[in-house]
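First the structure, in the form of structure tokens, and then the observations on it.
The values are calculated or read from the model by the stated rules, or taken from the named source; none is laboratory data. Bear in mind the structure is a predicted one, so any value in this text is a computation, not a measurement. Here the Cβ positions follow ideal geometry from the backbone for every residue, glycine too, while neighbour counts run over all protein chains shown. We work out accessible area using only protein heavy atoms, side chains counted, and drop any ligands, DNA or RNA first. Shrake-Rupley method; radii C 1.70, N 1.55, O 1.52, S 1.80 Å.
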Amino acid sequence: QVQLVESGGGLVQAGGSLRLSCAFSRSIFSINVMGWYRQAPGKERELVARIRSGGITDYADSVKGRFTISRDNAKATMYLQMNSLKPEDTGLYYCNALINLLPSWGQGTQVTVSS
């Protein structure tokens with residue numbers, strides 16, 4: 001059973017930056033697809049960004065040009081660099097990975113952007 005642990009969330013003013021980290025409890029070399037999701041109060045969880053083997057990335061339209069997803073296989077860690085944050089980016093951010101065809105989730109880290 002792989003564990004995913006997010007960190008790096010917090011309170012930031014609009015226009016600020018945060019970097020989220022997702023640490024895996026085992027090697028991630030063989031994990032083809034991983035990503036970040038977020039859930040705002042009263043809303044459904046949505047995909048923010050996804051990275052595949054070979055570095056292919058996908059982003060939600062709302063974060064394109066502001067967020068960057070990356071992975072460091074040697075450190076078994078995935079990152080989400082968030083710049084030019086907006087109040088609408090507020091939410092609980094989860095990391096996700098598809099492992100043996102099953103999704104694994106972290107516990108989430110809160111991001112709050114004040115206006």
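The set of residues from segment 64-85 being closer than 13 Å to Val48 by Cβ, surrounded by 14 or more Cβ atoms within 10 Å (Cβ to Cβ) and either modelled with pLDDT under 95 or over 12 Å from the mean Cα position of the chain (by Cα) (or both) comprises Arg66, Leu85. Among the residues of segment 2-42, those identified as open to solvent by 60 Å² or more (accessible area, probe 1.4 Å), within 18 Å of Gly108 (Cβ to Cβ), touching a residue at least 12 places away in the same chain (Cβ under 8 Å) and not in a strand (DSSP E or B) are Gln3, Ser25, Pro41.
In segment 47-58 there is at least one residue matching the filter, namely being closer than 20 Å to Leu11 by Cβ and open to solvent by less than 60 Å² (accessible area, probe 1.4 Å).
Considered as a group, the residues in segment 43-63 that are aliphatic (A, V, I, L, M) and closer than 21 Å to Ser104 by Cα include one that is farthest from the chain's Cα centre (by Cα), and that residue is Ile56.
Note on segment 32-61: residues that are in contact with a Leu (Cβ under 9 Å, 6 or more places away or on another chain) and polar (S, T, N, Q) total 2.
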